[in-house]
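Encoded as structure tokens, the structure appears first; notes follow it.
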Amino acid sequence: MKSFPPVYLNTLKILKFLKVVILIFLTFTPDLLLAKKISTPKNFVDVTTIIPSIVLDIRYYTAHNFVGEKIDGYNAPKCLLTNQAAQALAKVQELLLRQSQSLKVYDCYRPQRAVNHFIRWSKDANDTKTKKEFYPTLDKKMLFKDGYLATRSSHSRGSTLDLTIVPIPTPPQADYTPGQTLFECYLPVDQRFKDNSIDMGTGFDCLHDLSHFNHPKLDAVVRQNRQLLKTLMEKYGFENYDKEWWHYSFKNEPYPNTYFDFVIE
């Protein structure tokens, strides 16, 4: 029987070990493989095809966001969601339309590359051009620690969205021009950036305590408006993130462990 030198045998053992590790990885982490798919998965839909009346204000396609520039992966101002989440959202919209109101969406599916853009931005201490509006009382390096940003976002799973309510007929949305005078997002509705939303107490993506759903200093109108959105969203299977009145996730999401990275286009 042919014998092999110890070095050769050790190499075989290492290769067998690596094979086992790879098999385990493929078995238990399929989500990481799915996340790298280039094309839009079949289960994702453009929400406007299911809810034609919904209002879109996709902020990360524009410069009007806390980074101050268009975000990586947003090649079109679209709201993409899993079909399950979109169908549930259509039921919310149906109830609102009956009372001359509509949903307005700020963000839906978010590619992982967009989250990576946020991470890079957070590490640049000198870039504070949007601080006065979006995080006026916080140091940007604390935004992840304080729970306003995350290295993995539920948006990347395709069943989370940021939204509000607008009246019908819907007032014009104010234009934003980079470099314009900024106002703190927590100021009263007639003093902060003019959003055509009903008054929710702060602007969208206001990284401030007043954005917490149950902040004790909310006035009655704001509390009522937030509760209306929450009640309707919960009725059809969504749940709110308590630090952001605008943030809702579909509880029975089809991809609870998958963080996609395909481009919105």
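Among the candidates 173, 180, the residue that is without any contact (Cβ under 8 Å) to a residue 40 or more places away in the chain, in the same structural domain as residue 47 (by TED's automatic domain parsing) and part of a loop (DSSP other than H, G, I, E, B) is uniquely 180. Quick check on the range 45-52. Is at least one of its residues at pLDDT 95 or above, assigned to a loop (DSSP other than H, G, I, E, B) and surrounded by 19 or more Cβ atoms within 10 Å (Cβ to Cβ)? Looking through the range 45-52, at least one residue is at pLDDT 95 or above, assigned to a loop (DSSP other than H, G, I, E, B) and surrounded by 19 or more Cβ atoms within 10 Å (Cβ to Cβ).
For the range 111-124, the set of residues classified as in contact with a strand residue (DSSP E or B) (Cβ under 8 Å, 6 or more places away or on another chain) and part of a loop (DSSP other than H, G, I, E, B) consists of 111 only.
Restricting the search to the range 224-265, which residues are basic (Lys, Arg) and either closer than 20 Å to residue 87 by Cβ or within 14 Å of the chain's Cα centre (by Cα) (or both)?
Keep residues of the range 224-265 that are basic (Lys, Arg), which gives 226, 230, 235, 243, 251.
Scanning the range 224-265 gives 230, 235, 243, 251.
Here the condition is being under 26 Å from residue 63 (Cα atoms) and of a type in the set (Lys, Arg); of 192, 223, it holds for 192 alone. Among the residues of the range 98-127, those that are out of contact with any helix residue (DSSP H, G or I) (no Cβ under 8 Å at 6 or more places or on another chain), of a type outside the set (D, E, K, R) and free of Cβ contacts under 8 Å to residues at least 40 places away in the same chain comprise 99, 119, 126.
Of the residues 109, 135, which single one is under 20 Å from the mean Cα position of the chain (by Cα), closer than 20 Å to residue 182 by Cβ and not small (Gly, Ala, Ser)?
On the way: 109 fails: closer than 20 Å to residue 182 by Cβ.
That would be 135, the only listed residue that is under 20 Å from the mean Cα position of the chain (by Cα), closer than 20 Å to residue 182 by Cβ and not small (Gly, Ala, Ser).
Does residue 189 count as surrounded by fewer than 19 Cβ atoms within 10 Å (Cβ to Cβ) and either over 18 Å from the mean Cα position of the chain (by Cα) or over 18 Å from residue 64 (Cα atoms) (or both)? For residue 189, the condition - surrounded by fewer than 19 Cβ atoms within 10 Å (Cβ to Cβ) and either over 18 Å from the mean Cα position of the chain (by Cα) or over 18 Å from residue 64 (Cα atoms) (or both) - is met.
Quick one: in the range 128-139, which of the residues that are in a loop (DSSP other than H, G, I, E, B) and in contact (Cβ under 8 Å) with a residue 40 or more places away in the chain is farthest from residue 207 (Cα to Cα)?
129
Out of the residues in the range 83-97 meeting the condition of being of a type in the set (S, T, N, Q) and within 14 Å of residue 248 (Cβ to Cβ), tell me which one is surrounded by the most Cβ atoms within 10 Å (Cβ to Cβ). Lay out the reasoning, then the answer.
Start the filter on the range 83-97 by keeping residues that are of a type in the set (S, T, N, Q), which leaves 83-84, 87, 93.
Narrowing further to those that are within 14 Å of residue 248 (Cβ to Cβ): 84, 93.
Values: 84: 18, 93: 21.
Filtering the range 83-97 for residues that are of a type in the set (S, T, N, Q) and within 14 Å of residue 248 (Cβ to Cβ), the one surrounded by the most Cβ atoms within 10 Å (Cβ to Cβ) comes out as 93.
Working carefully through the options 138, 143, find the one that is of a type outside the set (D, E, K, R), at pLDDT below 95 and either within 23 Å of residue 260 (Cα to Cα) or not assigned by TED's automatic domain parsing to the domain that holds residue 179 (or both). Only one candidate passes the filter, namely 143. Suppose we keep only residues that are more than 21 Å from the chain's Cα centre (by Cα) and part of a loop (DSSP other than H, G, I, E, B) within the range 140-170. Which one would you say is surrounded by the fewest Cβ atoms within 10 Å (Cβ to Cβ)? Here the answer is 169. Screening the candidates 252, 240 for the property of being in contact with a His (Cβ under 7 Å, 6 or more places away or on another chain) and under 22 Å from residue 158 (Cβ atoms) yields one hit, 240. For residue 194, the conditions (1) touching a helix residue (DSSP H, G or I) at 6+ places or on another chain (Cβ under 6 Å); (2) not in a helix (DSSP H, G or I) all hold with the exception of (1).
Among the candidates 217, 243, 194, single out the residue that is touching a Leu at 6+ places or on another chain (Cβ under 8 Å) and surrounded by fewer than 20 Cβ atoms within 10 Å (Cβ to Cβ). Even if it seems obvious, please write down each step before you answer.
Working: 243 fails: touching a Leu at 6+ places or on another chain (Cβ under 8 Å); 194 fails: touching a Leu at 6+ places or on another chain (Cβ under 8 Å).
On inspection, the qualifying residue turns out to be 217.
The values are calculated or read from the model by the stated rules, or taken from the named source; none is laboratory data. Source: prediction; values computed, not measured. Quick reminder, even Gly has a Cβ in these numbers, built from the backbone with ideal geometry, and neighbours come from all protein chains shown.
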